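**Student:** Got a structure here, written out as structure tokens. Questions coming.
The values are calculated or read from the model by the stated rules, or taken from the named source; none is laboratory data. Worth saying up front: this structure is predicted, and the values here are computed from it rather than measured. Heads up, the Cβs are rebuilt from the backbone with ideal geometry, glycines too, and the neighbour counts pull from every protein chain shown.
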Amino acid sequence: MTELKETRKEEKYDVIVVTAHPDDAEIGIGGIMATLAKKGKKVLLVNLTDGEPTPLGDHDTRMKEASAAAEILGIDRLTLDCCVNRRLMDSFEARVSLGDVFRKHRPEIVITMGGKTIMASPDHYQAQLITEAAVFYSRLTKWDEHFTYPVHTIKQLFYFPVGAMMSGQIPHNSFLVDISSVLQKKLDAILTYESQFPPEKRQFIDQIKLHNQHFGALYGSRAAELLMLPRLLRLDILDIFNI
């Protein structure tokens, strides 16, 4: 099986977030991850690749940056060694490797990237496909020869739509999450990726802040992030009215 490289060891996580590269989740839902951690939830971030090569980065640098970002957000993280940046593909090996992570750590909720990012990395959409399949594989019985850990059923899958984050448009089946109290923590986590955001690219982080503030304005708060559902979410009437 694929070796898992972790910053810390936890057997059970409430939420697992899956992305193609280091910094994807911090940009998309860094505030949500920080909020969950702040509320006592155990969050594991899984990067399918190390994100290299990039013009100014290397493997060791990216791993140090990713670990520093995770520390700021209060989460744990790991990098799978089955997949390679720029060549990430929805394959059986990738599905099984991630499925075994779900079986081992038994999350209630999985969050991954949503939608294609045209004119940007195709790895993002492949991460979505791999995650969807791995959620399904995690609960399949009579397939023990492919997995190290026992069957586990994940209750809910969410997406953070990368394209919507940059366009400011709200897709169907989506909702906003208030991140006002952790917005600066999110930005600080992104800033740990100095190899990806040197001074001449820091305006991108300003753009992220503006998008979060835009979503917050729609929500009635200082800042918010977007999550999308693959199907209708059932809520109790008391949950809706917050009683």
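**Student:** Out of the residues in region 186-220 that are buried (at least 18 other Cβ atoms within 10 Å of the Cβ) and touching a strand residue (DSSP E or B) at 6+ places or on another chain (Cβ under 7 Å), state the one that is farthest from ASP76 (Cα to Cα).
**Tutor:** TYR219
**Student:** Related question: Can you tell me which residues in region 184-232 are among the aromatic types (Phe, Trp, Tyr), at pLDDT 95 or above and in a helix (DSSP H, G or I)?
**Tutor:** Matches in region 184-232: none.
**Student:** If I filter region 233-243 down to residues being part of a loop (DSSP other than H, G, I, E, B) and among the charged types (D, E, K, R), which single residue comes out as modelled with the highest pLDDT?
**Tutor:** This residue is ASP236.
**Student:** Right, next: Of everything in region 101-137, what is under 19 Å from VAL43 (Cβ atoms) and more than 15 Å from the chain's Cα centre (by Cα)? Give them in sequence order.
**Tutor:** ARG103, LYS104, HIS105, ARG106
**Student:** Name the single residue, out of those in region 133-162 being assigned to a helix (DSSP H, G or I) and either of a type in the set (A, V, I, L, M, F, W, C) or touching a helix residue (DSSP H, G or I) at 6+ places or on another chain (Cβ under 9 Å) (or both), that is farthest from ILE75 (Cα to Cα). Reasoning before the result, please.
**Tutor:** We begin by selecting, within region 133-162, every residue assigned to a helix (DSSP H, G or I); these are 133-138, 144-146, 162.
Next cut, either of a type in the set (A, V, I, L, M, F, W, C) or touching a helix residue (DSSP H, G or I) at 6+ places or on another chain (Cβ under 9 Å) (or both) only: 133-138, 146, 162.
Numbers: ALA133: 24, ALA134: 21, VAL135: 21, PHE136: 25, TYR137: 25, SER138: 22, HIS146: 28, VAL162: 21 Å.
Selected residue: HIS146.
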